Structure formats: C-alpha cells, structure tokens
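Quick notes on the structure that follows.
The values are calculated or read from the model by the stated rules, or taken from the named source; none is laboratory data. Quick caveat: nothing in here was measured; it's all calculated off a predicted structure. Cβ atoms come from the backbone with ideal geometry, glycine included; neighbour counts cover every protein chain shown. Only protein heavy atoms, including side chains, enter the accessible area calculation; ligands, DNA and RNA are left aside. Shrake-Rupley method; radii C 1.70, N 1.55, O 1.52, S 1.80 Å.
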Number of protein chains: 2
Amino acid sequence: MTMEFEKLADILKALADPTRLKILSLLRIRDCCVCELVPIFNISQPAISKHVSRLKTAELVRETRKGQWVFYSINEKRLEEIGYALSHLPDLSEELRKLEQQGLTVTCE
Amino acid sequence: MTMEFEKLADILKALADPTRLKILSLLRIRDCCVCELVPIFNISQPAISKHVSRLKTAELVRETRKGQWVFYSINEKRLEEIGYALSHLPDLSEELRKLEQQGLTVTCE
DNA sequence: GAACCATATAACCATATTGTTATTTATATA
DNA sequence: TATATAAATAACAATATGGTTATATGGTTC
C-alpha cells in the first residue's frame, strides 16, 4: 500500500528534527516520561512536552499515564511504515504519460 | 554506521514536503528537467527550481546539464541510507546511564 | 550580435516551526 | 484541604519554509 504524499510529508516533518530523533533513540532503549527527558536536553519542559506531542500526533510514540507521570513509548511499526513508504512511493507513470500526450516532454541527443 | 541527528534531520527536512516527494516519485520513473516538472505542479518555475535545489543539497538528486536543459536524477542510495539510518539511530544508553547515576530516573509501580 | 528558451537567483510576503516564560490541569501526599 | 510535582497549554518572539514576481545567467539558434 502506498502512502499519500501529504500524509507521508506530515510524518516526515514530525521526524525531521534533531531533538525528536534523539527522543526516539532514547525511547528505543526504554519508555521515558517527560521529566526524564528534560535534563538530557538543553531546552525547557514545555519544549519537550511539545516535541513528544508532535511525535504522538504522527503516531510515532504512544503515551501511558502512570500516576503523576506520563510515559512515552516508541511505535516501531510506524517507523517501519515510513521506511516502506519511502521505497514504495505512489506510481506516477500516468502523470508522465499525460505530459507526453501534451507534447511537453523534452528529448535531447 | 549511524548518522548524526542534525544531519539526518536535515535530510528528512528535505524529504518532508509533498511537492518534493512527488518530484522524487517522478524521478524514480525517469530523469526529468525543470520545464517538464513545472506543468505537473500548480506552482511557478522558480518554486520548482528551489525544490530540486533543496533535494540536491540533501544529495537526494543529482543534476546533469544537457544543452539548455538541466536534468535531475534520483540518488536511490541516499534514500536507502535514510531508511537504514532510521532503523539504526545512535545508541544513547550512556545518556540514560548518566541519568540513573544522577538519580533522575523515575521508577513507579 | 540579437533573440529566445531554460534555469537560477533576488527580494519579498504569509505561514509554520521552535523556542521562551507564565499559567493551568492532573495526580499524589502531608 | 493545602501543597508539591508532572505535564500540558497559552501567549509570544525569532527564524525557517514555501510561495510569489522580477531579473540575471547559461546556452542555442537565427
């Protein structure tokens, strides 16, 4: 199954930040709560909170409340989906065929 | 080999746009020049030019001038690298160990 | 050389992103 | 109930992104 460009771009945007990539790396080792992540980074608690929220919206992580803490876990399946989607982008042969029919293709040599 | 978070994030940012993903899909079928890409999208020639330039900076495409045209081709290797990097993010066990030593880990239940 | 076509760059604008501090909400505990 | 801690949200600022139109650059052809 191919993934729509807009949807794939949205998930890639969620991934495309060094802080969020580092958070995912940490979650790959074990689930963490926000207060554990904060001292690892040089940014504020609300900044971390917004980053994990962004990851959650993209379904790259899941949250579980445990008492006063909210633990985040990685969604490995979602990450695999991205790798798959990148190697199976939608087939646009039709677009190029239309271009040819309109005489807009460039042939040289 | 793992990829630095900043570098990986930069390449993912180059990928994280529906127009650029669609351009990559088209290039997967065959090399295209800018003037072929323009009529496929609803945006101006300079906009397309900037998108391919962004992809080139991230080494996701390569350019070859042929007469007055500049043909762009996909760099499949780079795309494979991204998939690999996502499944082999840097190991941050050390960071979590430091956290433990500082008594900042949260244990509940 | 002049005119033409393809592409890149410049200057600009609207919106998105990523951080901040202050405050609110949720839960645990004295 | 009052207080403390964890996390989320609000309001804001600086910068990045993605588009525009106008112009410059590179190459071809008359």
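Yes/no per residue for (1) more than 8 Å from DNA strand C (Cβ to nearest atom); (2) among the charged types (D, E, K, R):
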position	(1), (2)
B:Glu36	no, yes
B:Pro39	yes, no
B:Arg54	yes, yes
B:Thr57	yes, no
B:Glu63	no, yes
B:Gln68	no, no
B:Lys77	yes, yes
B:Gly83	yes, no
B:Ser93	yes, no
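If the condition is being within 8 Å of chain B (Cβ to nearest Cβ) and acidic (Asp, Glu), then the stretch A:11-47 contributes A:Asp17, A:Glu36. Residues that are facing chain A (nearest Cβ under 10 Å) and within 18 Å of A:Gly83 (Cα to Cα) do not occur anywhere in the stretch B:92-99.
Report, by residue number, each residue of the stretch A:1-10 that is among the hydrophobic types (A, V, I, L, M, F, W, C) and either at the interface with chain B (Cβ under 7 Å from one of its Cβ atoms) or within 13 Å of DNA strand C (Cβ to nearest atom) (or both). Can you show your working first?
Here is the first cut: in the stretch A:1-10, the residues among the hydrophobic types (A, V, I, L, M, F, W, C) are A:1, A:3, A:5, A:8-9.
Within the stretch A:1-10, A:Phe5, A:Leu8, A:Ala9 meet the criteria.
Kindly indicate the residue of the stretch A:32-64 that is assigned to a helix (DSSP H, G or I) and hydroxyl-bearing (Ser, Thr, Tyr) and also nearest to DNA strand D (Cβ to nearest atom) among those meeting that condition.
Within the stretch A:32-64, the subset assigned to a helix (DSSP H, G or I) is A:34-40, A:45-57.
Subset that is hydroxyl-bearing (Ser, Thr, Tyr): A:49, A:53, A:57.
Working: A:Ser49: 3, A:Ser53: 5, A:Thr57: 10 Å.
The qualifying residue nearest to DNA strand D (Cβ to nearest atom) is A:Ser49.
Select from the stretch B:47-62 the residues that are open to solvent by 70 Å² or more (accessible area, probe 1.4 Å) and more than 20 Å from A:Leu86 (Cα to Cα) and list them in ascending order. Spell out how you get there, then give the answer.
To start, the set of residues in the stretch B:47-62 that are open to solvent by 70 Å² or more (accessible area, probe 1.4 Å) comprises B:50, B:54, B:56-57, B:59, B:62.
Residue satisfying the conditions is B:Lys50 alone.
Pairing each residue of the stretch A:56-81 that is within 18 Å of A:Asp10 (Cβ to Cβ) with any residue that is open to solvent by 80 Å² or more (accessible area, probe 1.4 Å) and of a type in the set (Lys, Arg), provided the two are 6+ apart or on different chains, yields C-beta distances under 6 Å for A:Asn75/A:Arg62.
What number of residues within the stretch A:18-31 are assigned to a helix (DSSP H, G or I) and more than 12 Å from B:Asp91 (Cα to Cα)? Reasoning before the result, please.
Taking the stretch A:18-31 as the starting set, the residues that turn out to be assigned to a helix (DSSP H, G or I) are A:18-29.
Now drop any that are not more than 12 Å from B:Asp91 (Cα to Cα), which leaves A:18-20.
Residues meeting the conditions: 3.
A:Lys50 satisfies every condition listed in (1) within 11 Å of another protein chain (Cβ to nearest Cβ); (2) without any contact (Cβ under 8 Å) to a residue 24 or more places away in the chain except (1). One residue stands out among those in the stretch A:1-18 that are open to solvent by less than 30 Å² (accessible area, probe 1.4 Å) and over 10 Å from the mean Cα position of the chain (by Cα): the one that is nearest to DNA strand D (Cβ to nearest atom), which is A:Phe5.
Quick one: in the stretch B:77-109, of everything that is open to solvent by less than 30 Å² (accessible area, probe 1.4 Å) and more than 30 Å from B:Val38 (Cβ to Cβ), which residue is modelled with the lowest pLDDT? Before the answer, list the steps.
Filtering the stretch B:77-109 for residues open to solvent by less than 30 Å² (accessible area, probe 1.4 Å) gives B:78-79, B:82-83, B:85-86, B:89-90, B:92, B:96, B:99, B:106.
If we keep only those that are more than 30 Å from B:Val38 (Cβ to Cβ) too, we end up with B:85-86, B:89-90, B:92, B:96, B:99, B:106.
Details: B:Ala85: 95, B:Leu86: 95, B:Leu89: 95, B:Pro90: 95, B:Leu92: 96, B:Leu96: 95, B:Leu99: 91, B:Val106: 87.
Ranking the qualifying residues of the stretch B:77-109, first place goes to B:Val106.
Go through the residues of the stretch B:65-76 one by one and say whether even a single one is of a type outside the set (Phe, Trp, Tyr), open to solvent by 20 Å² or more (accessible area, probe 1.4 Å), on the phi > 0 side of the Ramachandran plot and within 15 Å of DNA strand D (Cβ to nearest atom). Yes, that holds for at least one residue.
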